[in-house]
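One structure is given below, encoded as structure tokens.
Readers should treat all values here as calculations from the given coordinates under stated rules, not as data from a laboratory. Note that this is a predicted model, so its numbers are computed, not measured. Every residue, glycine among them, receives a Cβ derived from its backbone with ideal geometry; neighbour counts consider all protein chains shown.
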């Protein structure tokens, strides 16, 4: 008999240990993720948004919202960047904070069923919360969540889906609240569908869940009869509404105008190739998390992920487990007992269908570039697939003591396994922000530097230059601060000629010979600068011997403490890049800092080098 109290004490101690570890790991992931996101956020127009803004400048608000882009309807999120362009500075700040807010709302919606569930204990709820946090703030997804615009798009899609999942049981229970719940579910489904193309996965997911909620558990022998009656008799009210809403959404989606993009062309062997691509896409999160442990500098080696057996095998196992889980769900149909299982199953099915839509919709693209299947941007969906799978495992393990502790250990191992790639992705995100700001500096100076422009939008420099002129005229984004107006002015007229000692010190060299937008010669200058040996100036100007400002330079300052804590001191925070318009190699140029509305008395001489025209 004394052994029983001892075992209970050990079990209680183990429970508390799991809770403490889960809280620590979850807090570490959340706080570090927020810091990495803020320090690595997109601050200038980047990638597809050059094309999106090009459409916005050519059409009215309503036309821009109704147009499909790359076969995606971006109706609801488009109003965020349209408002940013119309009423704000268009400098991505509004988009970033709007996207981050939507991400928090999505996480909160996913956690509501977790903490409402009365079939699981406190430990299961805590570890489920950690799973959702890690799946949402893992920085390997930074290609989406660090971009305000992309975050708005994807978070609205998954947030609308989560809201629909929460209200679906109420919609199906024939209570007084079923009508209002029906409006919420249909409205949330519309938001998900017309925020991103993959949001269309909400309707088959809702139909499946509603069918499973339609009646209590029935014997396996009745499944064939149910399937027959599904075809022969009208479904119940909730399912009827979902079917009508699905048909309406599909019709409206097909009627939306598209700016002449090519239609999808499926490969003849699509079943085989599509299934293989789907498995690789599903297994990509596990590959990236493990690959970083032994090759941290090659974290985003997409070619390695594409050819990796680990990604394919893990994806195959995940797909098999998901299909088995779906089959058991069809048999059991007892979602009303566990909201945790409902949200987990819903996440799993929704993201599985979403990735199937991606594989089908981009079949031709993946055929031309097979490594794109495991691109980090698709981790937004595949990570949430594994999140749903783990939530289902946690709920199922609560009723099976033998599985409970192994599942808890797996869940606690996930953030530990993913943390190295989390940190390195945060570093990469910060480096990408520096490169994009350097590309914006090129546009501010009106210099044609395709090497830097390629960072803003690969292989489309002409479109970047064309849209940048629209931004310049409207004084948006990188032109909002008016730095371009300084070029050509006498430094004595800048800030009313105010100077003060700043302790400016550093070095600067000409790295490449280029051309201005008017064909005049230009030069790219790169250097390092500091003030009083520690603080780094953010904005600098290039002046000629006559005191005329010939260009602007920018840096991305970072405190030494944050550099050491989050970037291991590896981030070159004192580096700046700028340009000289109307460059004359016979003249001697100098760099001055202009932070805080004054010019520095000190200056850094620009040293000429033997260089190749338009060098890297």
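Entry note: segment 148-190 has Rg to Rh equal to 1.12, where both radii use alpha-carbon atoms and Rh is the Kirkwood radius. Which values of log₁₀ I(q)/I(0), to two decimal places, follow from the Debye formula for segment 483-607 at q = 0.12, 0.21 Å⁻¹ with a uniform point scatterer at every Cα? With no solvent term, the Cα-only Debye profile gives -0.44, -1.17. Here segment 316-390 was treated as a single set of alpha-carbon atoms; its pair distances binned every 10 Å from 0 give 18, 45, 26, 10, 2 percent. The angle separating the long axis of helix 223-232 from the principal Cα axis of greatest extent in the chain is about 70 degrees. Considering the chain, its Cα convex hull presents a mean projected area of 33.4 nm². Which value in nm describes the separation of the simple spin-label points at residue 416 and residue 509, placed 7 Å from the Cα toward the beta carbon? According to this spin-label approximation, the distance is 4.7 nm.
Using only DSSP helix segments of four residues or longer, with each worth -39500 (n - 2.57), what per-residue ellipticity at 222 nm results for the chain after dividing by its residue count and rounding to 500?
Dividing the helical sum by the residues of the chain leaves -20000 deg cm²/dmol.
To the nearest ten degrees, helix 178-193 and the longest principal axis of the Cα atoms of the chain are 40 degrees apart.
Label zone (residue 70, point 7 Å along Cα-to-C-beta; backbone nitrogen cut-off 14 Å) within segment 154-194: 154.
Modelled spin labels at residue 254 and residue 364, positioned 7 Å past Cα toward Cβ, are 1.9 nm from each other. Full extension of the segment from residue 24 to residue 330, taken as 0.36 nm per residue of separation minus the current Cα-Cα distance, would add 106.5 nm. The distance between label points at residue 495 and residue 528 comes to 2.4 nm (points 7 Å beyond Cα on the Cα→Cβ vector). Pairing the Cα long axis of helix 122-137 with the longest principal axis of the chain, what angle in degrees results, from 0 to 90 and rounded to the nearest 10? So the inclination is approximately 40 degrees. Pop the C-beta distance of residue 247 and residue 409 into the FRET formula with R0 = 45 Å and round what comes out to the nearest 0.05. The formula returns an efficiency of 0.45 here. Each of the peptides 139-151, 413-425 was scored by the mean count of other Cβ atoms within 10 Å over its residues; in descending order, highest first, they stand as 139-151, 413-425.
Given R₀ = 41 Å, FRET efficiency for residue 454-residue 112 by Cβ-Cβ distance, to 0.05? Taking R0 as 41 Å, the efficiency between residue 454 and residue 112 is 0.40. Ordered by the count of other Cβ atoms within 10 Å of each Cβ, fewest first, 57, 457 give 57, 457.
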